[in-house]
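Enquirer: Quick one: structure below, then a few questions.
What follows draws every value from the coordinates through simple rules; no lab data is involved. This one's a predicted model, so the numbers in the text were calculated from it and none came from an experiment. Ideal geometry is used to build each Cβ from the backbone, glycine not excepted, and the neighbour counts take in all protein chains shown.
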């Protein structure tokens, strides 16, 4: 009998027995639509239990979560939103969709998160205060918010972000798409943001198939997001303002709830995968980024930093061996429709983005698959 090796995937959803039970019950109870408040409320309550927030609003995507958070916080046309260029496109799109403008900054040399010293020094040099707000000296645009990104689960210096926010009167909208459950200095990350946005897309540790959420400790902000995401309905077919239909469906919430119930199990498996790669990386003198001390880092995807830019032939060789590897995001300042936005020096971003090689990180990885992946990585470590 010939053993047929399946593809070793970067990620793939894991559906637990309990998840199937909750999904079945949701179908039997007809809890499948955006009006299925029972199952949606349960999903939201379980997210709040994990992240310590006063309120969570479940939505149809992480992109929606970012967009609606900025809108609810009062973003205006032409406002500036500080963010790293090295992020997923949803971060930039959240600003653009609100008719605002991204302002792109670098990542730190020894991490993959926003360079906060560059942000602080640039704001001191290039902005002026008028009334309560700060404005860009050259363009006269209001600097509205800072949007730190928890890239690959890594946590930025949240105390520095809080200080920058306080000095320059900025809202903090955290793109924590893959970082549910993270902690900074033993505190839940919700304590450092106006809004924390999650994604539950199919490639995340916790998935609802498609979906996202906003968590906040600001009850009034939560009410505003709730209204904006339900067509601003304030009475029976009565809509007080412009709103949108952005709520998660009951069937997606049921899938997410089933995953959340297995959150600890998922965390433990992800941690074991991370430490296996870490052991291999250290043994072979390879390079990666490491989480800050005193942080709880959710190991969503694992990666190597190669000495040189990733060559397509490496990815093709891996694919022929049924090992899925990939590079990570293309920075936002290189995207055609975003090139004209303000940007600072991006030397670290430019240097690193073509060198990050994302590794198989599925919960299903077997010893045989690890061994095969390690063997392939040993062959390419000269790169």
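Enquirer: Going highest first, how would you order 62-73, 269-280, 240-251, 184-195 by mean Cβ packing within 10 Å?
Expert: 62-73, 184-195, 240-251, 269-280
Enquirer: Another question, then. Hey, in the GNM for the chain with a 10 angstrom Cα cutoff, which one of 264, 224, 76 fluctuates hardest?
Expert: 264
Enquirer: Before anything else, pin down the relative contact order of the stretch 225-287: Cα pairs under 8 Å, at least 6 apart, normalised by residue count, whole percent.
Expert: 18 percent
Enquirer: Contour minus end-to-end for residue 293 and residue 367, with contour as 0.36 nm per residue of separation and end-to-end as the Cα-Cα distance? Kindly include the intermediate steps, with their values, before the conclusion.
Expert: Numbers: separation 74, 0.36 × 74 = 26.64 nm, distance 2.95 nm.
Taking residue 293 through residue 367 to full extension adds about 23.7 nm, to one decimal.
Enquirer: Which order do 354, 320, 142, 20 fall in if you start with the one that has the fewest other Cβ atoms within 10 Å? Mind dumping the intermediate values first?
Expert: Values: 354 16, 320 8, 142 21, 20 12.
Arranged by neighbour count, lowest to highest, 354, 320, 142, 20 become 320, 20, 354, 142.
Enquirer: Bin width 10 Å, alpha-carbon pairs only: give the P(r) of the stretch 263-380 as whole percents, running from 0 to the bin holding the largest distance.
Expert: Computed distribution, short to long bins: 11, 38, 33, 15, 2.
Enquirer: For the stretch 263-380, what does the relative contact order come out to in percent, with C-alpha contacts under 8 Å and a separation of six or more?
Expert: Relative contact order comes out at 32 percent.
Enquirer: Also: Of the beta bridges DSSP finds with both residues in the chain, what % are antiparallel, to the nearest 5?
Expert: Details: 29 of 45 bridges.
Counting DSSP beta bridges with both partners in the chain, the antiparallel share is about 65 percent.
Enquirer: Could you tell me the calculated FRET efficiency between residue 110 and residue 381, based on Cβ-Cβ distance and R0 = 22 angstrom, to the nearest 0.05?
Expert: 0.60
Enquirer: Also, quick follow-up: Rounded to the nearest 500, what is the chain's calculated 222 nm mean residue ellipticity when only DSSP H runs of at least 4 contribute -39500 (n - 2.57) each, over all residues?
Expert: Computed ellipticity for the chain at 222 nm equals -11500 deg cm²/dmol.
Enquirer: Shape verdict for the stretch 91-203, please, from the Cα gyration tensor: rounded (a/c under 1.5), prolate (a/b greater than b/c) or oblate. Don't skip to the answer; put the middle values down first.
Expert: Numbers: a/c = 1.81, a/b = 1.51, b/c = 1.20.
Since a/c reaches 1.5 and a/b is larger than b/c, the shape of the stretch 91-203 is classed as prolate.
Enquirer: Determine the gain in length on full extension of the stretch residue 272-residue 319; use 0.36 nm per residue of separation and subtract their C-alpha separation, reporting nm with one decimal.
Expert: The span from residue 272 to residue 319 would gain 14.5 nm if fully extended.
Enquirer: Using Cα-Cα distances under 8 Å and only pairs 6 or more residues apart, what relative contact order does the stretch 17-260 have, in percent?
Expert: 29 percent
Enquirer: I would also like to ask the following. Given points 7 Å out from each Cα along the Cα-Cβ axis, report the residue 97 to residue 78 separation in nanometres with one decimal.
Expert: Taking the simple label geometry, residue 97 and residue 78 are separated by 2.4 nm.
Enquirer: Could I ask something else about it? At 0.692 mPa s and 37 °C, plugging the Kirkwood radius over alpha-carbon pairs of the chain into Stokes-Einstein gives what diffusion coefficient in µm²/s?
Expert: Numbers: Rh = 21.8 Å.
Calculated translational D: 151 µm²/s.
Enquirer: If one computes the Cα centroid of the stretch 212-265 and of the stretch 100-178, what distance in Å separates the two points?
Expert: First find each Cα centre; the distance between them is then 27 Å.
Enquirer: Let me ask another. What ranking of 200, 105, 351 emerges when the number of other C-beta atoms within 10 Å of each C-beta is taken as an exposure proxy, fewest first?
Expert: Exposure proxy ranking, most exposed first: 351, 105, 200.
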